[in-house]
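Visitor: Here it is, the structure in full.
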Amino acid sequence: MTRCVAQTSNTSLDSVPASFPHRLLQASQKVAASLTDVMYPPQCTFCCEQLASVETSAQLCQTCEQVLGTCATNSCPRCALPVSDSTAKRTSCVRCLHQKLHFERTYALGPYQGKLQEAVVRVKYPHEHALATSLGRLLASKISLSQSFCQTNTVVVPIPTNWLRRLVRGVNTPDYIAAPVGRNWHLPVFSDLLHCCRKVNKQSSLSPRDRLRNIRNAFRVSKSYNIGGTEVILVDDVMTTGATVNEAARVLSASGASRITVLVLARAA
Ligand SMILES: [Zn+2]
Ligand SMILES: [Zn+2]
């Protein structure tokens with residue numbers, strides 16, 4: 001990569017030498033956090049049940065973690081489509097065989113149905129960014145991939161949206177999913193590596209053929225990056241026909257990315 005990952009300075013109070021004023025500040029911070037917890041008890045970001053213990057500001061309760069993080073066992077290794085047991089043992093499903101795919105594998109929390117579908121629909125709204133972050137954490141903990149990648153040569157890239165759509169919606173959901181994935185797997189997240197350079201109609205309202213046409217040439221790799229030989233983990237909220245991630249993977253591949261893996265919350269049939 002020609003562009004280096006900026007080393008963010010650690011401004012946590014824990015890193016400051018423990019002089020008296022700083023210790024006082026630390027103590028005040030802890031008291032303020034405790035008071036906030038009393039006034040606004042931390043809740044599960046999906047079902048709103050009060051949490052017994054809090055590890056982060058975006059957390060699911062144990063029940064929701066189990067319900068949402070089922071991870072379909074029988075799925076196509078290439079596109080994560082739920083398939084029969086025998087098909088899952090092959091390298092790709094029938095649908096993948098007829099497509100030119102630019103990514104190697106796809107991982108999903110599970111099929112786009114039930115509670116997971118409900119969660120994925122909700123994360124598209126700006127006020128649900130904490131839920132999106134929780135699901136990103138769950139994805140990172142359920143999919144054991146961190147050992148499969150070279151830590152110094154792999155980047156996490158969320159699927160971008162056009163600036164106008166981002167302005168209207170106020171949020172790009174894949175950014176919130178990708179952030180905890182990068183954090184948990186100790187990989188950099190480059191939200192500005194891929195750009196959506198034109199307006200794209202909502203894919204969900206189109207036929208499979210129109211989806212391909214709609215997304216064609218919608219992405220470009222930022223000139224600030226040289227991704228030759230880099231492995232990329234593409235992150236999106238849901239995968240339906242795969243047209244969007246495949247187009248993003250095509251552009252990344254054309255720019256020299258060596259291996260592209262797709263990570264989504266849910267896989268729609
Ligand atoms: Zn819950
Ligand atoms: Zn497949």
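Visitor: Extending each Cα 7 Å along its Cβ direction at Ala27 and Ala52, get the distance between those two points in nm, one decimal.
Guide: 3.2
Visitor: Between Gln62 and His186, what length in nm is gained on full extension when 0.36 nm per residue of separation is reduced by their alpha carbon distance?
Guide: 42.2 nm
Visitor: So, in nm, how far is label Asn74 from label Arg95 when the simple model puts each one 7 Å beyond its Cα toward the Cβ?
Guide: Each label point is offset 7 Å from its Cα along the Cβ direction, giving 1.6 nm.
Visitor: Rg over Rh of region 70-267, using C-alpha atoms and the Kirkwood radius, what does it come to?
Guide: A ratio of 0.93.
Visitor: Can you tell me what the convex hull of the Cα atoms of region 46-125 projects to on average, as an area in nm²?
Guide: 7.1
Visitor: Can you compute the charge dipole magnitude of region 70-267 about its Cα centre, using +1 on each Lys and Arg Cβ and -1 on each Asp and Glu Cβ, nothing else charged? Give it in debye, rounded to the nearest 20.
Guide: 540
We did not get these values from a lab; they are worked out from the coordinates using the rules stated. Source: prediction; values computed, not measured. Heads up, the Cβs are rebuilt from the backbone with ideal geometry, glycines too, and the neighbour counts pull from every protein chain shown.
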